[in-house]
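The values are calculated or read from the model by the stated rules, or taken from the named source; none is laboratory data. Quantities reported herein were computed from a predicted structural model and do not represent experimental measurements. Here Cβ is always computed from backbone atoms with ideal geometry, including for glycine, and neighbour counts include all displayed protein chains.
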Amino acid sequence: MQPNALHADDPLLDRLNRLRENIGRVFLGKPEAVTQVLVGLISRGHLLIEDVPGVGKTVLARSLARSLALSFSRIQLTPDLLPSDILGVSIYDTATSSFEFKKGPIFANIVLADEINRTTPRTQSALLEAMNESQVSVDGRTFRLDLPFLVIATQNPFEFEGTYFLPENQLDRFAVRIRIGYPARDVEMRILREQPSQVALEALEPVMCKDDLLEIQDRVPSLRIDDKLVHYALDLVEATRDHEHLEVGVSPRGTIALIRSAQAAALLAGRDYVVPDDIKSLFIPTCAHRVVSKSYLHDGHTVSAEQILADILRNVPVPG
């Protein structure tokens with residue numbers, strides 16, 4: 001058996017299953033959203049949770065944070081927030097006659113950036129270097145961030161007044177965009193009766209430590225993916241670049257995110273190899289936020305990026 005192969009009694013796989021179950025105790029009825037969060041986590045990708053208010057975006061992020069024995073900070077992003085409020089600031093110490101750097105909330109393993117589209121582009125861009133390079137630069141000095149490092153940003157796509165929508169270069173930094181949607185009626189009945197976000201969330205205990213998570217993250221790039229599946233991913237990506245209804249296609253960073261996410265999905269499923277469904281299930285979550293669709297078609301109707309990518313999935317042949 002290869003060193004990266006998984007088996008049913010693998011302790012790391014058991015901890016991943018416990019992590020999934022722990023989040024599911026609080027975040028009810030949306031297992032696909034939980035899977036996508038875990039895919040981003042173990043593939044070292046950042047997450048954008050985008051949906052209407054009140055569907056559990058913050059609950060999902062907080063339940064993940066409480067399930068991991070890692071440092072956590074929450075930044076409530078507002079229009080008056082400054083980059084120094086996120087990164088930190090140098091303060092003059094009269095005792096030593098020198099400046100001392102006070103770290104900001106970005107210096108945590110898991111950072112919840114709540115309502116990222118409500119803060120200014122200048123403050124949004126303060127997250128870019130941290131997300132892309134796991135470091136920040138302040139006053140001419142560079143500070144490394146402790147690994148693992150994960151940014152979970154939330155935003156409401158339908159709130160226009162007083163919002164600053166993320167530009168394409170920042171959206172491209174997020175490995176996965178998660179859409180939650182409304183719960184089914186029976187699930188909403190459970191939410192009303194159990195109030196998990198108020199009761200169960202505070203009672204969650206960590207089920208995975210830092211070393212376990214780092215070991216799992218190290219395994220992901222080693223999972224086997226056949227050349228035919230790599231070409232399949234490239235076919236999907238190239239179809240976005242040539243599509244008549246898209247202004248901008250998926251970037252090479254998006255292709256890497258698709259492959260890494262597929263490998264992470266395979267590991268979550270207990271396999272040490274990727275199958276076509278791993279790529280198909282993550283094509284839209286990893287790529288739809290990276291493309292720019294033309295606002296109107298020739299017949300005057302609008303079409304979303306998700307619809308276009310779903311059409312590409314149907315038309316690109318899946319390898320045998």
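Among the residues of region 227-249, those identified as out of contact with any Gly (no Cβ under 6 Å at 6 or more places or on another chain) and free of Cβ contacts under 8 Å to residues at least 60 places away in the same chain are Asp227, Val230, Ala233, Leu234, Val237, Glu238, Asp242, Glu244, Glu247, Gly249.
In this structure, is Thr123 surrounded by 14 or more Cβ atoms within 10 Å (Cβ to Cβ) and either hydroxyl-bearing (Ser, Thr, Tyr) or under 21 Å from Gly40 (Cβ atoms) (or both)?
On the way: surrounded by 14 or more Cβ atoms within 10 Å (Cβ to Cβ): yes; either hydroxyl-bearing (Ser, Thr, Tyr) or under 21 Å from Gly40 (Cβ atoms) (or both): yes.
Here the answer is yes, as Thr123 does meet what is asked.
Here are some residues: Arg62, Arg44, Arg74. Which one is of a type in the set (D, E, K, R) and part of a helix (DSSP H, G or I)?
Details: Arg44 fails: part of a helix (DSSP H, G or I); Arg74 fails: part of a helix (DSSP H, G or I).
Exactly one of Arg62, Arg44, Arg74 is of a type in the set (D, E, K, R) and part of a helix (DSSP H, G or I), namely Arg62.
Scanning region 22-36 for any residue that is assigned to a loop (DSSP other than H, G, I, E, B), under 21 Å from Glu215 (Cβ atoms), modelled with pLDDT of 90 or more and not assigned by TED's automatic domain parsing to the domain that holds Ile256 turns up nothing.
Taken residue by residue, region 260-273 has no member that is surrounded by fewer than 20 Cβ atoms within 10 Å (Cβ to Cβ), within 28 Å of Leu166 (Cβ to Cβ) and not aliphatic (A, V, I, L, M). Does region 227-239 include one or more residues that are under 17 Å from Phe174 (Cα atoms) and either of a type in the set (Ser, Thr, Tyr) or in the same structural domain as Ala175 (by TED's automatic domain parsing) (or both)? So far as region 227-239 goes, no, none of its residues is under 17 Å from Phe174 (Cα atoms) and either of a type in the set (Ser, Thr, Tyr) or in the same structural domain as Ala175 (by TED's automatic domain parsing) (or both). May I ask you to verify whether Thr78 is among the polar types (S, T, N, Q), touching a helix residue (DSSP H, G or I) at 6+ places or on another chain (Cβ under 7 Å) and in contact (Cβ under 8 Å) with a residue 40 or more places away in the chain? Yes: the conditions hold for Thr78.
Taking region 13-60 as the range and being among the polar types (S, T, N, Q) and touching a Leu at 6+ places or on another chain (Cβ under 8 Å) as the test, the residues that pass are Asn22, Thr35, Gln36, Thr58. Would you confirm whether or not region 227-241 contains a residue that is exposed (fewer than 15 other Cβ atoms within 10 Å of the Cβ), closer than 30 Å to Asp14 by Cα, among the basic types (Lys, Arg) and more than 22 Å from the chain's Cα centre (by Cα)? Checked against the condition, which is being exposed (fewer than 15 other Cβ atoms within 10 Å of the Cβ), closer than 30 Å to Asp14 by Cα, among the basic types (Lys, Arg) and more than 22 Å from the chain's Cα centre (by Cα), region 227-241 yields no hits at all. When Ile256 is tested against (1) part of a helix (DSSP H, G or I); (2) over 16 Å from the mean Cα position of the chain (by Cα), only condition (2) is not met. Criterion first (within 24 Å of His46 (Cα to Cα), at pLDDT 95 or above and in contact with a helix residue (DSSP H, G or I) (Cβ under 9 Å, 6 or more places away or on another chain)) does Leu268 satisfy it? Judged against the criteria, Leu268 is not a match.
Looking at Pro79, is it surrounded by fewer than 14 Cβ atoms within 10 Å (Cβ to Cβ), under 21 Å from Pro167 (Cβ atoms) and more than 16 Å from the chain's Cα centre (by Cα)?
Numbers: surrounded by fewer than 14 Cβ atoms within 10 Å (Cβ to Cβ): yes; under 21 Å from Pro167 (Cβ atoms): yes; more than 16 Å from the chain's Cα centre (by Cα): yes.
The answer is yes for Pro79.
Of the strands (runs of 3 or more DSSP E) lying entirely inside region 123-180, the ones with 1 or more residues being touching a strand residue (DSSP E or B) at 6+ places or on another chain (Cβ under 9 Å), more than 20 Å from Arg290 (Cα to Cα) and modelled with pLDDT of 85 or more are found at 135-138, 141-144.
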